[in-house]
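The values are calculated or read from the model by the stated rules, or taken from the named source; none is laboratory data. Since we're looking at a predicted model, the values are computed, not measured. Using ideal geometry, Cβ is built from the backbone for each residue, glycine included, and neighbour counts are taken over all protein chains shown. For accessibility, only protein heavy atoms count, side chains too; no ligands or nucleic acids. Shrake-Rupley method; radii C 1.70, N 1.55, O 1.52, S 1.80 Å.
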Amino acid sequence: NPSIAMAATLFSSLFNIVFDYILMFPMGLSMAGAALATAISPIIGILICCIHLCSKKCTVSLHPIIPSIRKLVYSCQVGVSAFVGEISSGVITVVFNMIILSLTGNIGVAAYGVVANTSLVAIALFNGIAQGSQPLISKSYGTGQKKEVHEILRMALMTSLFLSTILIAFIYLCAPQVTAVFNGEHNATLAVYAEKGLRLYFLGFFFAGINIAGTAVLSAVESVKCAFAASIMRGFVAIIFFAFLLSSFFGMTGVWLAFPAAEFVTMLLTLSGLHQIRRR
């Protein structure tokens, strides 16, 4: 029921945007109001998703049952790669801010804010491909239709490569315009850092698209170890390692290149896992 899923995401986000303003300014709650709006918005999405349980399309019925620790642990194993992908963004932000603050101070951190916020939009696009293909692959895998699994995998990877090419071209040509959206004070130093950062950082999306779609596929076909390894490598190990290593040699340029380097190394691991699926 994708229409309800889309409505839940849309109205949850709109609620967050609208009530951020209402709670912060008319009601005078400041940052506490913004935090409250963000905390409530997922509840709106959950309530909208619950509409499906009352519809004729629903094939799921809920009954009380004794919990199974074994099934719970297995579910966590399958879903841990998605968890790592979500939590890693916060860890990466903290690490990058610490490194950049020591290199260029507040202006550099502000420039990273431009890059990070722009990249969140790009990551959301690839997450859409991953989340759209994952249930289709799960269904085909569960019913033993290997040919369909390979076909959906091929389409997901090709779509990711096509989208990443468009994104990189767009950022390369429009980096000044993107930076200007965040640079209301027209700070020239901030603009220089952010424009260079966008062009270098976004090169990593050529590999990131494959990694995001690939780890979703690996989870869908129960390749838990490969999915977990790719997520940990991408979300923590490689990105932090390259951030410290490259920044020590190339300064801010090294910081921006840490993301492409980490995604490239992770892509090798992801492709290895996908190759094992094809052999299986």
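Tell me the per residue accessible area of region 55-95 using a 1.4 Å probe; a whole number in Å² is fine. Let's see the in-between values first.
Details: 3370 Å² over 41 residues.
About 82 Å² of surface per residue is accessible.
About the Cα centre, and with charges only on the beta carbon of Lys, Arg (+1) and Asp, Glu (-1), how big is the dipole of the chain? Nearest 20 debye, please.
Details: 15 positive and 8 negative charges, 229 e Å.
My answer is approximately 1100 debye.
Round to a whole number: what % of the accessible area of the chain belongs to carbon and sulfur, probe 1.4 Å?
72 percent
How high is the relative contact order of the chain? Use alpha-carbon pairs under 8 Å, at least six apart in sequence, and give a whole percent.
19 percent
Taking each full run of DSSP H in the chain as one helix, which ones are at least 18 Å long along their axis (Cα atoms) and have mean Kyte-Doolittle hydropathy of at least -1.0?
2-24, 30-49, 69-104, 106-142, 146-182, 188-201, 205-220, 252-279
Can you show me the helix-derived [θ] at 222 nm for the chain, built from DSSP H runs with n ≥ 4 at -39,500 (n - 2.57) apiece and divided by the number of residues, rounded to the nearest 500.
Numbers: 10 runs with 233 residues, N = 280.
Mean residue ellipticity, 222 nm, calculated: -29000 deg cm²/dmol.
Per residue, what accessible area does region 158-237 have, given a 1.4 Å probe and all protein chains present, in Å²?
Per-residue accessible area for region 158-237 comes out at 46 Å².
Is the shape of region 10-123 best called rounded, prolate or oblate, per the rule: a/c under 1.5 gives rounded, else a/b larger than b/c gives prolate, else oblate, with a ≥ b ≥ c the square roots of the Cα gyration tensor eigenvalues?
It is oblate, given that a/c is not under 1.5 and a/b is not larger than b/c.
Just report the Cα centroid separation between region 154-178 and region 115-138, whole Å.
For region 154-178 versus region 115-138, the Cα centre distance is 13 Å.
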